[in-house]
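A single structure is presented below for examination.
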């Protein structure tokens, strides 16, 4: 499945066709995160920093195990720790590895005005090309998962690449490689979906998690990072995982109907002015000289 | 009306004093830059405009600063022109005669003062859209500084900014067309400041009469 990483399916801010759509057999990759077997060891956080060679940043303490409040431009992989009170009053620690979800319909890519700054490969990986990024930050608004982060030094936006450099070489992403419990899996989307559904069924039938399920939100066309949750009816409890994520409606309105209405209005306005000029031409200073004979003021 | 219009020794009328011309062109040049770079970000088909203007990254960096300049010019205009742009009873009549105005049947259009109702609308349209563009633009300038819990600011700004910009584009197209193609002498007046007496009489009769001190009604 490595070749798909070279083939591009969608390009931000791009006029005309894209090179890779429909060219090859398309294997879509997927990362599966089983939150029920995560132990919060943060090996994935370290592996991400190491493989991507990211600069070190300060951690913060907020009465939890969490490294920092949210992902950062140089910290793409963050386990969110959430103390969750069950209905019976007992408390559990929900741990969710947060990173780019690699949406099938990426809001970042839709919002981006810069040609080639965000690409989606045919294998589903959504990747930022910082050389083409203009630093406008529209992707930050397009994303329903709070993932793209602006670097004040580079003045560009960064996020998880799903280690597409590793995937290109037939390797699994660094976070997957480092996981000691096997809660992280990587493969094709159908394989991972099947594995996730089987695990969710096991949790429901054997382990007593009646609401266990798979998080693969349809509002963004599905994602190439999916979760198994103990309680799929309440993803918000896992550090603000949105229950029904969508690209913000204003971004959709702006990028589809408004764009066409605006273009038609501008083109129509230009045509209208040209037609007006042909029909009526410039105003003359003469008519006021004959205020009593308005009919002679202008001959069409 | 506190404009400084006066009859010049050569028989022409000074319509726009230097300070009015200066602020007009400050606004005009900054607006054109904002329009061109804005259009580049608006559509992939127009992205090349940013390339021509020095690159899209530079355009993104400079656009907000020029936006501040435009807002400054707009506030300046407000201070100088707001009084003269207030709606008067005559404006209603002018709007009713708009079809005649469009068809160049100017003899059927009511006499107007220094600015007709259309010009006043242009002024207020740019003023209010300018404020919307400023507020939404400040959010879009620093989206990374908006915390996640305040994200609806960003989500609102991405739609307010292009809608307000499109409204100004409509105003701008009409303004440019009127000034360059329809009213001969208008461009000269905003560059050099003066108009001919016949121009003033034809398009701004009440203002013309006041400038000439013809306060008494005509026989």
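I'm trying to understand the selection: among the residues of the range B:145-156, which are touching a helix residue (DSSP H, G or I) at 6+ places or on another chain (Cβ under 6 Å) and either surrounded by fewer than 21 Cβ atoms within 10 Å (Cβ to Cβ) or more than 8 Å from chain A (Cβ to nearest Cβ) (or both)?
B:146, B:153, B:155 - these are the residues of the range B:145-156 that are touching a helix residue (DSSP H, G or I) at 6+ places or on another chain (Cβ under 6 Å) and either surrounded by fewer than 21 Cβ atoms within 10 Å (Cβ to Cβ) or more than 8 Å from chain A (Cβ to nearest Cβ) (or both).
Please specify each residue of the range A:123-144 satisfying the condition of being more than 10 Å from chain B (Cβ to nearest Cβ) and either within 15 Å of the chain's Cα centre (by Cα) or surrounded by 24 or more Cβ atoms within 10 Å (Cβ to Cβ) (or both).
If the condition is that a residue be more than 10 Å from chain B (Cβ to nearest Cβ) and either within 15 Å of the chain's Cα centre (by Cα) or surrounded by 24 or more Cβ atoms within 10 Å (Cβ to Cβ) (or both), then A:123, A:124, A:125, A:126, A:127, A:128, A:129 are the ones that fit.
For the range B:4-19, does any single residue satisfy the condition of being out of contact with any strand residue (DSSP E or B) (no Cβ under 6 Å at 6 or more places or on another chain), part of a helix (DSSP H, G or I) and either free of Cβ contacts under 8 Å to residues at least 12 places away in the same chain or surrounded by fewer than 20 Cβ atoms within 10 Å (Cβ to Cβ) (or both)?
Checking the range B:4-19: at least one residue is out of contact with any strand residue (DSSP E or B) (no Cβ under 6 Å at 6 or more places or on another chain), part of a helix (DSSP H, G or I) and either free of Cβ contacts under 8 Å to residues at least 12 places away in the same chain or surrounded by fewer than 20 Cβ atoms within 10 Å (Cβ to Cβ) (or both).
Looking at the range B:181-194, which of the residues that are within 10 Å of chain A (Cβ to nearest Cβ) and at negative phi is nearest to the chain's Cα centre (by Cα)?
Filtering first and then ranking leaves B:186.
Just wondering, is there one or more residues in the range B:165-179 that are part of a helix (DSSP H, G or I), surrounded by fewer than 16 Cβ atoms within 10 Å (Cβ to Cβ) and more than 12 Å from chain A (Cβ to nearest Cβ)?
No, the range B:165-179 contains no residue that is part of a helix (DSSP H, G or I), surrounded by fewer than 16 Cβ atoms within 10 Å (Cβ to Cβ) and more than 12 Å from chain A (Cβ to nearest Cβ).
In the range B:29-54, how many residues are surrounded by fewer than 16 Cβ atoms within 10 Å (Cβ to Cβ) and within 20 Å of residue B:180 (Cβ to Cβ)?
Qualifying residue count, the range B:29-54: 2.
Please go through the range A:188-212 and pick out each residue that is in contact with a helix residue (DSSP H, G or I) (Cβ under 9 Å, 6 or more places away or on another chain) and free of Cβ contacts under 8 Å to residues at least 60 places away in the same chain.
Of everything in the range A:188-212, those that are in contact with a helix residue (DSSP H, G or I) (Cβ under 9 Å, 6 or more places away or on another chain) and free of Cβ contacts under 8 Å to residues at least 60 places away in the same chain turn out to be A:210, A:211.
Can you tell which of A:251, A:228 is in contact (Cβ under 8 Å) with a residue 12 or more places away in the chain, within 11 Å of chain B (Cβ to nearest Cβ) and either over 27 Å from residue A:137 (Cβ atoms) or part of a helix (DSSP H, G or I) (or both)?
A:251
Here is a check on your reading of the model: is residue B:78 within 14 Å of chain A (Cβ to nearest Cβ) and assigned to a helix (DSSP H, G or I)?
no
Select from the range A:70-110 the residues that are touching a strand residue (DSSP E or B) at 6+ places or on another chain (Cβ under 9 Å), assigned to a loop (DSSP other than H, G, I, E, B) and loosely packed, with under 14 Cβ neighbours inside 10 Å and list them in ascending order.
A:86, the sole residue that qualifies.
Give the residues of the range B:53-67 that are free of Cβ contacts under 8 Å to residues at least 12 places away in the same chain and more than 14 Å from chain A (Cβ to nearest Cβ), sorted by residue number.
B:65 - this is the single residue of the range B:53-67 that is free of Cβ contacts under 8 Å to residues at least 12 places away in the same chain and more than 14 Å from chain A (Cβ to nearest Cβ).
I'd like the full set of residues that are farther than 16 Å from residue B:183 by Cβ and either in contact (Cβ under 8 Å) with a residue 40 or more places away in the chain or part of a loop (DSSP other than H, G, I, E, B) (or both), limited to the range B:91-110.
Within the range B:91-110, B:97, B:110 qualify.
Just so you know, all these numbers are worked out from the coordinates, no wet-lab data involved. What you see is a predicted model, and the numbers here were worked out from it, not measured in a lab. Neighbour counts run over all protein chains shown; Cβ positions are idealised from the backbone, glycine included.
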